[in-house]
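First comes the structure, then the notes that go with it.
The values are calculated or read from the model by the stated rules, or taken from the named source; none is laboratory data. Quick caveat: nothing in here was measured; it's all calculated off a predicted structure. Here the Cβ is made from the backbone with ideal geometry for all residues, glycine too, and neighbour counts use every protein chain on show. The accessibility values were calculated without ligands, DNA or RNA, using every heavy atom of the protein model including side chains. Shrake-Rupley method; radii C 1.70, N 1.55, O 1.52, S 1.80 Å.
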Amino acid sequence: MTRVWPLLIALSKDWLRNREAVFFAFLFPVILLLIFSAVFGGASAEFTVHVQNNDIGPEGEPTNLSTTFIDALEEVDALTIRTVPPGQNITEWSRQRRSAGATRVVVIQDGFADRVRAGSRQARRSVVLDTMARAGGQINQTTRARIRQGLNATGNGTNATGPAAVVFLSASDDQAAPAIRGILSSVVAQFNSRAIGMDTPPTTVVSEELGNRNVKGVGYFLPALIAAVVMINGLITLPALLAEFSGDGTLKRLIATPLRKRDWILANVLQQAVLALLITGVMVGVAHLVFDVTVIPGPLAIGLILLGAVTFTGFGMTLGSLVDGSDAATSLGMAVALPMMFVSGVFWELDLMPEYLQTVATLMPLYHFHRGLRRLMVLETTQGVGVPFAILGGGALIALVVAIHVTQWQNL
């Protein structure tokens, strides 16, 4: 151990002289945090939707029911409603638009109000008839006949048949279309309830958050970004530095000294562990100052971060020993790190991926790394974190053993 500390200091000084390494270690995580936080962690999403109301009354004005439906859409915070003139050809209108934004149009067809009224009467009629059937002998035949006579006299009041369809038009590559379609379905369901006289729906959904209720959107991304940056530093930045040491003859000169291979590997592991803590501190500090995030890693989270740093440092040293030249080491590291980063659910939930990719993701250490950090930092629970600790612990052991085996050095 007496040789490790001087070597650790020397490695740190040499690392500080490398501007690219410093940039990717500190500035790159901050830039990544700011970009993802600004895009995904800020205010709630808001989608622009154009509405064309073709249900025009005899006097040339929109019908009351169609206007009521549009008012219901405007009450949704996630939607920004814009108007398209009635009768306008949507295809031509879309082509003539100068803006390059996504085009989403809700078309209220002619006869909307009549169909809503007809459907409402039919629904109420069905309710009355169903009630009579359930009542059985409690309602005498005379009363039944009068009720049926009243229902038949009321009629539909219109020749409209079929449901009042609301057409939603969107581009095939519009990724927000499923979310907007879900919002429209919710508005339509509430509108239908009111149309048949149900001001208060019998079933509602109440949304609550797990864990700390004061956590902002940025806080949920912070554990994943910390895990991703620790992985990038271990698998991309470190192999390039090691390959550079091998290329400029530094390792050959070290072999001629009393320094042993395990001291060299331990010094690099310690340096990356300290660096992981510094990076975490910088990211947490920036998130707090810029976005007022209160998520702070506790002792277990810090332990998991250190374990992750050791794991990816071991694999990084292995990659750096397999190739010659920093460019080749960087390319090899990126070939391993980037697929892992995008498949393991760091930037989006696994539910959006095919089932076979979800299975592959659970086999990757980064998946368990950021999931464990999220449980500890965001959900504030220790349940389920034993698996990430065990996987990263086993990964660290395997990575260090492989790194010792493949690193070219004098025999221990």
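Applying the criteria of a DSSP loop state and at most 13 other Cβ atoms within 10 Å to the GluC sites (Glu not before Pro) of the range 317-391 yields E349, E380.
What nm distance separates the two modelled labels at L300 and I81, each placed 7 Å from Cα along Cα→Cβ? A separation of 4.8 nm, rounded to one decimal place. For the range 14-83, dividing the convex hull volume of the Cα atoms by the residue count gives 72 Å³ per residue. Only protein atoms count toward the accessible area here, which uses a 1.4 Å probe; on the range 340-412, the carbon and sulfur part of that area reaches 63 percent. Computed over the alpha carbons of the range 318-403, Rg followed by Dmax gives 14.9, 44 Å. Above 12 Å lies some portion of the pair distances; for the range 51-110, what is it as a whole percent of all C-alpha pairs? More than 12 Å apart: 70 percent of the Cα pairs in the range 51-110. Since only T280, I296, V323 are under comparison, the one whose Cα sits farthest along the positive direction of the charge dipole of the range 252-347, derived from C-beta charges on Lys, Arg, Asp and Glu, is V323. Extending 7 Å from Cα along the Cβ direction at Q96 and again at L34 yields two label points whose distance is 4.3 nm. In this view, the solvent-accessible surface of Y220, computed with a 1.4 Å probe and all protein chains in place, comes to about 70 Å². Overall form of the range 264-398: oblate. Here a/c, set by the Cα gyration tensor axes a ≥ b ≥ c, is 1.5 or more, and a/b is not larger than b/c. Derived from the Cα gyration tensor, the three semi-axes of the equivalent ellipsoid of the range 270-321 are 25, 12, 7 Å, largest first.
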